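A.B. asks: Got a structure for you, written out below as structure tokens; questions coming shortly.
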Amino acid sequence: MTENVTIKSFSGGIRVKLKEEPDFDLILQETKESFADAASFFKDASIALQFQGRRLNEEESTMLLQAIQSVCSLHIICLVCTDEEAGDYYTKLVEAANEEALTKREQNCQFYKGTLRDGEAFESASSVIVLGDVQKGAFIAAKGNIIVLGRLSGSAYAGGDGRRDRFIAALQLDTESLRIAELKYKKDIKSVIAIKKKQLPRLAVIKQDKIMIRELDFTKELPENNLR
């Protein structure tokens, strides 16, 4: 058992609590030992990972991630920030993605790591999770659902398989160009005001034959008809 590194699970991910005082080399070694001991338990799980208790720079975070992945087969789909509220937003979207995949028994949900920039496009034959932003002028399409763990400012097309129960979700959604199945999004004044007032995670679904955008209420579970 390590003294300076503690692993705790939460719904959708793992929190790694690191003590502030020890040298980073010791933290790195103990992190590696902790995950090596738990490798058989984690197996090939897809999780969000959060470091707590110690301020890390980008290089240190990268070294810790490499150490973890060198001793176990965890698939870390995103590193959530230490801010509690923002971290919960990431976690809930990851939970939605995992639940959607399990409900439909899809094992081929794709992950796009990085930001799609102006002029770039990405298309998926399944559902897709973007670990970054979709900037204005970029395009993303999927036969299944689209989840953006960042800002969605570009164009998004979900439900390429023709299913109207697909959805588009993003931590920040400020695009005017959305499509689900055969329906295109038409913004109204209320939605524009809401987006400008606060930047909260938002969900786009089809309701009453049109695409509706609403804030994600994380005090409740996402409706099942949005996940299947």
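Every number in this text was worked out from the coordinates using simple rules, so none of it is lab data. This one's a predicted model, so the numbers in the text were calculated from it and none came from an experiment. Cβ placement follows ideal geometry from the backbone for every residue including glycine, while neighbour counts extend to all protein chains displayed.
A.B. asks: If I stretch the segment between Glu215 and Lys113 completely, what's the gain in nm (0.36 nm per residue apart, minus their alpha carbon distance), one decimal?
C.D. replies: 34.3 nm
A.B. asks: Separate question: If R0 is 22 Å, what FRET efficiency do you get for Gln52 and Asp23 from their C-beta distance, rounded to 0.05?
C.D. replies: Computed FRET efficiency for Gln52 and Asp23: 0.75.
A.B. asks: Also: Suppose every Lys and Arg Cβ carries +1 and every Asp and Glu Cβ carries -1, with no other charges. What dipole size does segment 134-176 come out with about its Cα centre, to the nearest 20 debye?
C.D. replies: Its charge dipole is roughly 80 debye.
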